[in-house]
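K.L.:
Below is one structure. I have some questions about it.
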Amino acid sequence: MTINEFDPVQTIPYSTKHKLRIYAWKFVNKTIFRWIPNQIRMPRIVLLRMFGAKLASSVFIHRNSNIEHPWNLQMGHLSSVGEFSWIYCLDKVSIGQKCTIGKDCYLITGNHDVSDQHFRQITKPIVIKDGSWITTGVYIMPGVTIAEFTVVAARSVVLKNSEPYDILAGFPAKFIKKRVFNK
């Protein structure tokens, strides 16, 4: 292939109505969403719900987090998203109950097909099951399922699914040991 044959798609593959919805949410996310103090969480939950997110009333989402396409987000009871985290919901993102998404984490559901001359977008869902802890600076890539009570160590990049009670670390994230709870 030559550079002249390479024809990447440079536009968003959405209808005008969908694009307007995206831009309306971006405006709300960068303004009103961020103006609300962290101690007052319900208005941010209401804003996200207005744009289609399915959130338990007990979730905490830091005002400096960035959630794109919130209509694809679902979060369970007592789960939280930390400061400066980015949840890129091009596809479904499901976060279970009592999960912690730390500071500066990236949940990325979209990518591009590098073998396609049009460089088309590919999306796959992310699932984070109950009781999991995604620590600081973690990247979770498209199509990954984080099993129950998994811990992902700081600065890890998760490319594959985990098993329940795993502790993962590294780039790419690898199994370190099983999580054991002391009584």
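The values are calculated or read from the model by the stated rules, or taken from the named source; none is laboratory data. In this text the structure is predicted, and so the values were computed from the model without any measurement. Heads up, the Cβs are rebuilt from the backbone with ideal geometry, glycines too, and the neighbour counts pull from every protein chain shown.
K.L.:
Can you name every residue in the stretch 29-57 that is in contact with a Pro (Cβ under 9 Å, 6 or more places away or on another chain), surrounded by 14 or more Cβ atoms within 10 Å (Cβ to Cβ) and over 18 Å from LYS92 (Cα atoms)?
P.N.:
Correct list: ASN29, PHE33, ILE36, LEU47.
K.L.:
Among the residues of the stretch 146-153, is any surrounded by 14 or more Cβ atoms within 10 Å (Cβ to Cβ) and on the phi > 0 side of the Ramachandran plot?
P.N.:
Let us first name the residues in the stretch 146-153 that are surrounded by 14 or more Cβ atoms within 10 Å (Cβ to Cβ), namely 146-153.
Remaining after also requiring on the phi > 0 side of the Ramachandran plot: 149.
Yes: the stretch 146-153 contains one or more residues that are surrounded by 14 or more Cβ atoms within 10 Å (Cβ to Cβ) and on the phi > 0 side of the Ramachandran plot.
K.L.:
Working only within the stretch 19-45, note down all residues that are in contact with a Phe, Trp or Tyr (Cβ under 7 Å, 6 or more places away or on another chain) and assigned to a loop (DSSP other than H, G, I, E, B).
P.N.:
ARG41 - this is the single residue of the stretch 19-45 that is in contact with a Phe, Trp or Tyr (Cβ under 7 Å, 6 or more places away or on another chain) and assigned to a loop (DSSP other than H, G, I, E, B).
K.L.:
Taking only pairs six or more apart or across chains, which ones have beta-carbon atoms under 7 Å, a first residue in the stretch 12-34 that is free of Cβ contacts under 8 Å to residues at least 24 places away in the same chain and over 15 Å from GLY52 (Cα atoms), and a second residue that is surrounded by 11 or more Cβ atoms within 10 Å (Cβ to Cβ) and charged (D, E, K, R)?
P.N.:
ILE12/LYS19
K.L.:
Follow-up question, since we're still on this one. Going residue by residue through the stretch 108-128, is there one that turns out to be aromatic (Phe, Trp, Tyr), surrounded by fewer than 20 Cβ atoms within 10 Å (Cβ to Cβ) and part of a loop (DSSP other than H, G, I, E, B)?
P.N.:
In the first step, residues of the stretch 108-128 are kept if they are aromatic (Phe, Trp, Tyr); the result is 119.
Narrowing the set further to residues that are surrounded by fewer than 20 Cβ atoms within 10 Å (Cβ to Cβ) leaves 119.
With the extra rule that they be part of a loop (DSSP other than H, G, I, E, B), the set shrinks to 119.
Yes: one or more hits.
K.L.:
Hey, LEU48 hits all of (1) in a helix (DSSP H, G or I); (2) in contact (Cβ under 8 Å) with a residue 40 or more places away in the chain but one; which does it fall short on?
P.N.:
(2)
K.L.:
Listed residues LEU20, LEU47, LEU73; which is under 30 Å from LEU159 (Cβ atoms) and of a type in the set (A, V, I, L, M, F, W, C)?
P.N.:
Details: LEU20 fails: under 30 Å from LEU159 (Cβ atoms); LEU47 fails: under 30 Å from LEU159 (Cβ atoms).
Unique residue meeting the criteria: LEU73.
K.L.:
Taking the residues in the stretch 154-183 that are surrounded by 15 or more Cβ atoms within 10 Å (Cβ to Cβ) and polar (S, T, N, Q) as candidates, determine which candidate is farthest from LYS98 (Cα to Cα).
P.N.:
Among residues in the stretch 154-183 that are surrounded by 15 or more Cβ atoms within 10 Å (Cβ to Cβ) and polar (S, T, N, Q), the one farthest from LYS98 (Cα to Cα) is SER156.
K.L.:
Has the stretch 58-76 got any residue that is farther than 30 Å from LYS17 by Cβ, among the charged types (D, E, K, R) and surrounded by fewer than 19 Cβ atoms within 10 Å (Cβ to Cβ)?
P.N.:
Checked the stretch 58-76: no residue is farther than 30 Å from LYS17 by Cβ, among the charged types (D, E, K, R) and surrounded by fewer than 19 Cβ atoms within 10 Å (Cβ to Cβ).
K.L.:
Follow-up. Is the stretch 111-120 home to any residue that is of a type outside the set (A, V, I, L, M), over 22 Å from ILE36 (Cβ atoms) and modelled with pLDDT of 95 or more? Full working, then the answer.
P.N.:
Of all residues in the stretch 111-120, those of a type outside the set (A, V, I, L, M) come to 111-113, 115-120.
Now restrict to residues that are over 22 Å from ILE36 (Cβ atoms): 111-113, 115-120.
In the following step, the residues that additionally are modelled with pLDDT of 95 or more were identified as none.
Scanning the stretch 111-120 turns up no residue that is of a type outside the set (A, V, I, L, M), over 22 Å from ILE36 (Cβ atoms) and modelled with pLDDT of 95 or more.
K.L.:
Just one of the numbered conditions (1) hydroxyl-bearing (Ser, Thr, Tyr); (2) under 10 Å from the mean Cα position of the chain (by Cα); (3) buried (at least 19 other Cβ atoms within 10 Å of the Cβ) is not true of SER132; which one?
P.N.:
Tallying (1) hydroxyl-bearing (Ser, Thr, Tyr); (2) under 10 Å from the mean Cα position of the chain (by Cα); (3) buried (at least 19 other Cβ atoms within 10 Å of the Cβ), SER132 fails exactly one: (2).
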